[in-house]
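In what follows, a single structure is set out as structure tokens and then discussed.
The values are calculated or read from the model by the stated rules, or taken from the named source; none is laboratory data. Because the structure is predicted, anything quoted here is derived from the model rather than measured. Virtual Cβ from ideal backbone geometry, glycine too; neighbours counted across all protein chains shown. Remember, those area values only see protein heavy atoms, side chains included, never the ligands or the DNA or RNA. Shrake-Rupley method; radii C 1.70, N 1.55, O 1.52, S 1.80 Å.
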Amino acid sequence: MNEQITEQSAVPLIQLIDIYKIYQMGSTEVRANDGISLTIMEGEFVAIVGKSGSGKSTIMNIIGALDVPTKGQYILKGQDVSKMKDDALAEIRNKTIGFIFQQYNLLPKQNLLENVELPLLYAGVGKKQRRQFAMEALKRVGIEDKWKNYPNQLSGGQQQRGAVARALAGKPSLILADEPTGALDSKTSRELLDFLKKLNEEGNTIVLITHDHSVAEEANRVITLRDGKIVSDIIQTEKKEHEFV
């Protein structure tokens, strides 16, 4: 994390305070998240890593306002999200969070520009400004010339760039990337991770969810989950070069 961003980070973007997500499976209580507390400042690039069943997908859903905890408090940009109802959660997602998913989630019957415009449409942005913001986002990821193309006319890497543009279009406070390299070849994975680092250097806060430690180590801070708990939280001072195979 660069010094300029650190100096700007006077207020936490994310505060998770003693978060529990508990499911009842018959007579068995399953604690998908078991007392997680962490703080993420504006401008950080954080990876949350863990094996299947570690609780990383559950905490991603809570951070992304896709779900609420059973117990505990989640403060996002000074707002308590932990007790919000569905409509309020939807508003938080639309205005504060940009999502990048493993499977791109581009709608096949809409062209690239229309796909990138979707979050802005849901956020109530007018048509002219919506188009402007979407084109700016496509230009930022280097595929503005593909704006008329439909998803099946794009390569996997171009589709993922489109998904990144969609996440950026609303100028969110937080970019939440869920296994973003999972469907990509090694070359395209490298390009995407380099681009995420560039976005972070420009001031974007990024939380990356992954099971892959070599991907997680691209971040400036790595939080490891096991059995619903944080088992390590490491600031990385030295970066290693990784090959993706």
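Quick notes
- Pairs where the first residue, in segment 45-69, is of a type in the set (Phe, Trp, Tyr) and the second is in a loop (DSSP other than H, G, I, E, B), C-beta under 9 Å, 6+ apart: PHE45/MET1; PHE45/ASN204; PHE45/GLU218; PHE45/ALA219; PHE45/ASN220
Here's the yes/no breakdown for (1) out of contact with any strand residue (DSSP E or B) (no Cβ under 9 Å at 6 or more places or on another chain); (2) modelled with pLDDT of 90 or more; (3) among the polar types (S, T, N, Q):
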residue: GLY50; (1), (2), (3): no, yes, no
residue: ASN61; (1), (2), (3): no, yes, yes
residue: ASP86; (1), (2), (3): yes, yes, no
residue: ASN94; (1), (2), (3): yes, no, yes
residue: GLN110; (1), (2), (3): yes, yes, yes
residue: GLU117; (1), (2), (3): yes, yes, no
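- Tally, over segment 132-174, of residues that are of a type outside the set (Gly, Ala, Ser), touching a residue at least 40 places away in the same chain (Cβ under 8 Å) and outside any helix (DSSP H, G or I): 5
- Every condition in (1) part of a helix (DSSP H, G or I); (2) of a type in the set (A, V, I, L, M, F, W, C); (3) in contact with a strand residue (DSSP E or B) (Cβ under 7 Å, 6 or more places away or on another chain) is met by ILE223 except one, and the failing one is (1).
- Residue pairs meeting the criteria (Cβ under 9 Å; at least 6 apart or on separate chains; first over 20 Å from ALA90 (Cα atoms) and open to solvent by 30 Å² or more (accessible area, probe 1.4 Å), in segment 102-128; second polar (S, T, N, Q) and not in a helix (DSSP H, G or I)): GLN102/THR181
Residue-wise test of (1) in contact with a strand residue (DSSP E or B) (Cβ under 7 Å, 6 or more places away or on another chain); (2) surrounded by 18 or more Cβ atoms within 10 Å (Cβ to Cβ); (3) basic (Lys, Arg).
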residue: LYS146; (1), (2), (3): no, yes, yes
residue: VAL164; (1), (2), (3): yes, yes, no
residue: LEU192; (1), (2), (3): no, yes, no
residue: LEU199; (1), (2), (3): yes, yes, no
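- Counted residues, segment 1-29 - those being over 16 Å from ILE223 (Cβ atoms), modelled with pLDDT under 95 and either part of a strand (DSSP E or B) or not β-branched (Val, Ile, Thr) (or both): 14
- Residue pairs whose Cβ atoms lie under 9 Å apart, sitting 6 or more positions apart in sequence or on different chains, and linking a residue in segment 185-204 that is at positive phi to a partner that is among the acidic types (Asp, Glu) and crowded, with 17+ Cβ neighbours inside 10 Å, are GLY203/GLU42.
- Qualifying residue in segment 64-71 (condition: open to solvent by 20 Å² or more (accessible area, probe 1.4 Å), among the hydroxyl-bearing types (Ser, Thr, Tyr), in a helix (DSSP H, G or I) and over 30 Å from ASN152 (Cβ atoms)): no
- Test for GLU218: is it among the acidic types (Asp, Glu) and open to solvent by 10 Å² or more (accessible area, probe 1.4 Å): no
- Residue that is least open to solvent (accessible area, probe 1.4 Å) [pool: residues in segment 201-215 that are in a helix (DSSP H, G or I) and either within 19 Å of SER57 (Cβ to Cβ) or touching a Ser or Thr at 6+ places or on another chain (Cβ under 9 Å) (or both)]: VAL215
- Segment 11-36 - residue that is in contact with a strand residue (DSSP E or B) (Cβ under 9 Å, 6 or more places away or on another chain) and free of Cβ contacts under 8 Å to residues at least 24 places away in the same chain and, of those, least open to solvent (accessible area, probe 1.4 Å): VAL30
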